[in-house]
Amino acid sequence: MTFEEFRKTHSLLAQYSYTWAPIDKGYNNRSIYINVGDRTFLEKPVTAEMKEKFTGGKGFDLRLLWDATRPDTRWNDPENEIVISGGPCCGITQYSGSGKAICTAISPQTDIVVDSNVGGFFGPFLKFCGFDALELQGKSDREIIVLFDEAREVIEIYEAGDLPCDSHILAEALHDMLADPLNEKDKYNVSVVSAGTAADHSLIGMLNFSFYDIKRKKVRLKQAGRGGIGTVLRDKKIKAVAAHVKTIGGNRNNVVNLEAIQERGRRFNKEMRELDDKQCEMRSKGTAHLTHIMNDYDLLPVHNFKFGSHPDAYKIRGDVWKSFFTQNVPDGCWVGCNMACAKGVDNYELRTGPYKGSKVIVDGPEYETTSSLGSIAGIFNPDFTIEANFYCDTYGICTISWGTILGFVMECYENGILNEERTGGLRLNFGNADAAMELLHQVSRGEGFGLVAGQGVRKMKALFAEKGWGDAAFLQDIGMENKGLEYSQYVSKESLAQQGGYAMTNKGPQHDEAWLIFMDMVNNQIPTFEKKAEALHYFPMFRTWFGLAGFCKLPWNDVEPEDNAQTSEPAKVPEHVDNYVTIFNAVTGSSINKEEIIRMSERVYNFQRIFNIRRGYGLRKHDAQPYRACGPVTREEYESRADRYDKQLIEQVGFNPEGKTTEEKMKALRIYRENRYEQLLDAVYERRGWTKNGVPKIEHLKKLGMDLPELLEVVTPLQ
């Protein structure tokens, strides 16, 4: 169907005409608000003060969402918003990883703000169409698509009830429809945001951002996975948001110093060509190169994070994934990315579900998906992982959350908390790939135990305890969630810093704030509480900045300059930090330094913390972690690593394990580890300028220039 044919058969519900203007130094200096309920539009100015205090990307998202919602706004209230913004550097094509956007909303899972970063082309295309951020508010009374068209300078809302819902079909249909029918390459100028049928029936729905792969001549998908933003999209009856731009390349951001960006881009591309094969192999394996490294260091989640390794892990090594991935294609999820880590499995024939027998492209799996759709459930079958990856994507549910849910459900089944009667006949024991796949399809259909699993770990813990199926304390210990968000895919038991990197996050345990396992556990570079606190200040703040400016984190440290180990702070990759300082200044005309990067992030990070407090969260008690993230919950767990734990009891705790029962040893170790985590909270809060209850101090906000009246109103009573 062409666009002209679509317009003849589908009602145009609303249209907004605007005057396109060139981007100015990375900014359009305006955002667009759309209420899909009453179908109104409003352009909002992006002021100099907003850029100074919030930078862009996640910062703009948070500011707009704060202004649009009340402290008691629920996720499915009409006033909840999905906000999308890319940041000033989003959309440049001269440096790898410059196409990222951030999506935010009040989360169905956590009841606080969730932010999720995503590749694909929509973030840059929103900017090219003329807007720094998009707010979607209200609830439509029918299924709709929202269309941005740069050439016609319009935003339109169409009725779309008969369009397919699952993302791989819907995105392909819209790329075909919106592109010039006489120009195949024009599909490259289209991007689609969508969810899928599972997002209709669960709280873990995610967003797919599409891009057209010219080499393959296929539409591909990247995901904003965490926290249920796709569920919010479908609750608003938005089937898709699409953008069609005139062109991509050149200097669309109208940067101040293009040559400076090009020079840093050439330097980085040289590193990728010369060093990637002997460092992380991103161009051939993507992030899946980490799978066997995680297993080797006892970090690979197995059986719901009970264990960190497994004898069958060789079946999911990086080389195995390489054998599935198509090689020697430009696998970037934005133009100009030489890292090319968005790997794909081409012409994969599906064995189950509604698309059985179809040959599809599967994007990934990423390293976390090799665990979440595999080892965490005791499944070491690449075919299961690839097929489940495809269905999670097209159904619109987060692979990380789904995997952690699956691990929890299977451990509950093996402990008698669940049985076939309670699961509707599914034998959900560890390793049962057929039952696991059927459960995933049930979520899409809105049937059976899939409706329960799709609520997430936190709600299942409460449900199972309420029904008397299991002990509430045990469920709390093994239920791998914090703030309502399921854990990302690393075993953190032996890294106190990583425990903090997960549980102290503003949105819930996600790897994008701090990955400190090797610094802490393997290399012992941060042995004291003071050093751990410094790392848990610097790295979350530095990583936050990527989401403000519009960058992907992977080019920062997944390839390093050859002499990086000889620098004074190799973990920070100082040459690459300097690249980002140079590029930001070259885009915007600013004169920031590396210290200002941290201050920019601190402003937004503290704003988000106070946003949580405003909603009744964001305090010390909300940074508590399940004990499974900290230590062994079960006898089996302890005894599988008895030599390690007994040695720790002697050397660290001062407890002699000789002659003691496993339960006595576990109790002594637990008291020690839980106390250590509380000490870590104290140290990190102090370093971040927060009270012992996790509240940003007024004097700290003043230093950052964030002593805004609305923030002081929230924190002053808690000082």
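Here are a few things to note about the model shown:
- Residue check for Q442: touching a Leu at 6+ places or on another chain (Cβ under 6 Å) and not hydrophobic (A, V, I, L, M, F, W, C): no
- Qualifying residues in segment 542-559 (those that are crowded, with 19+ Cβ neighbours inside 10 Å and assigned to a loop (DSSP other than H, G, I, E, B)) - the one nearest to the chain's Cα centre (by Cα): C552
- Residues located in segment 333-342, provided they are buried (at least 19 other Cβ atoms within 10 Å of the Cβ) and either closer than 22 Å to D166 by Cβ or of a type in the set (V, I, T) (or both): C333, A342
- Boolean, K51 is surrounded by 17 or more Cβ atoms within 10 Å (Cβ to Cβ) and free of Cβ contacts under 8 Å to residues at least 60 places away in the same chain: yes
- Pairs with Cβ under 6 Å, 6+ apart, first in segment 60-79 and closer than 22 Å to G484 by Cα, second acidic (D, E): L65/E81; T69/E79; T73/E79; N76/D235
- Of the residues making up segment 212-228, those that are in contact with a Lys or Arg (Cβ under 7 Å, 6 or more places away or on another chain) and assigned to a strand (DSSP E or B) are Y212, D213.
- Checking each residue in segment 160-180 for being farther than 22 Å from S140 by Cα and in contact with a helix residue (DSSP H, G or I) (Cβ under 8 Å, 6 or more places away or on another chain) picks out H168, I169, H175, D176, M177, L178, A179, D180.
- With a requirement of 2 or more residues that are among the hydroxyl-bearing types (S, T, Y), the helices (runs of 4 or more DSSP H) lying completely within segment 649-719 that satisfy it span 662-688.
- Hits in segment 331-348 (condition: in a strand (DSSP E or B) and touching a helix residue (DSSP H, G or I) at 6+ places or on another chain (Cβ under 8 Å)): V345, Y348
- Matching entry among A133, A195, A171, A160 (being crowded, with 20+ Cβ neighbours inside 10 Å, small (G, A, S), under 24 Å from K215 (Cβ atoms) and touching a strand residue (DSSP E or B) at 6+ places or on another chain (Cβ under 7 Å)): A171
- Lone unmet requirement of (1) touching a residue at least 24 places away in the same chain (Cβ under 8 Å); (2) in a helix (DSSP H, G or I); (3) under 17 Å from E438 (Cα atoms) for S371: (3)
- S210 being in the same structural domain as R74 (by TED's automatic domain parsing), under 29 Å from G589 (Cβ atoms) and among the hydroxyl-bearing types (S, T, Y): no
- Residues satisfying the stated conditions in segment 229-261, i.e. basic (K, R) and part of a helix (DSSP H, G or I): R234
- Condition check for D111: within 20 Å of the chain's Cα centre (by Cα), outside the structural domain of T544 (by TED's automatic domain parsing), surrounded by fewer than 22 Cβ atoms within 10 Å (Cβ to Cβ) and farther than 29 Å from N251 by Cβ: yes
- Selection within segment 214-232 - of a type outside the set (V, I, T), touching a residue at least 40 places away in the same chain (Cβ under 8 Å) and more than 23 Å from P509 (Cβ to Cβ): K215, R216, K218, R220, L221
- Residue list for segment 200-244, filter: surrounded by 24 or more Cβ atoms within 10 Å (Cβ to Cβ) and of a type in the set (V, I, T): I204, V219, I229, T231, V232, I238, V241
- Condition check for L203: in a loop (DSSP other than H, G, I, E, B) and touching a helix residue (DSSP H, G or I) at 6+ places or on another chain (Cβ under 7 Å): yes
- Qualifying residue in segment 599-615 (condition: touching a residue at least 40 places away in the same chain (Cβ under 8 Å), more than 30 Å from V577 (Cβ to Cβ) and either in a helix (DSSP H, G or I) or not charged (D, E, K, R) (or both)): yes
- Test for F60: is it outside the structural domain of V452 (by TED's automatic domain parsing), surrounded by 15 or more Cβ atoms within 10 Å (Cβ to Cβ) and within 25 Å of W334 (Cβ to Cβ): yes
- For segment 297-315, the candidate set comprises residues that are touching a helix residue (DSSP H, G or I) at 6+ places or on another chain (Cβ under 9 Å) and not in a loop (DSSP other than H, G, I, E, B); within that set, the residue that is surrounded by the fewest Cβ atoms within 10 Å (Cβ to Cβ) is Y314.
The values are calculated or read from the model by the stated rules, or taken from the named source; none is laboratory data. Being a predicted model, the structure only gives us computed values, none of them experimental. A quick note on method: Cβ atoms are made from the backbone with ideal geometry, for glycine too, and the neighbour counts reach across all protein chains shown.
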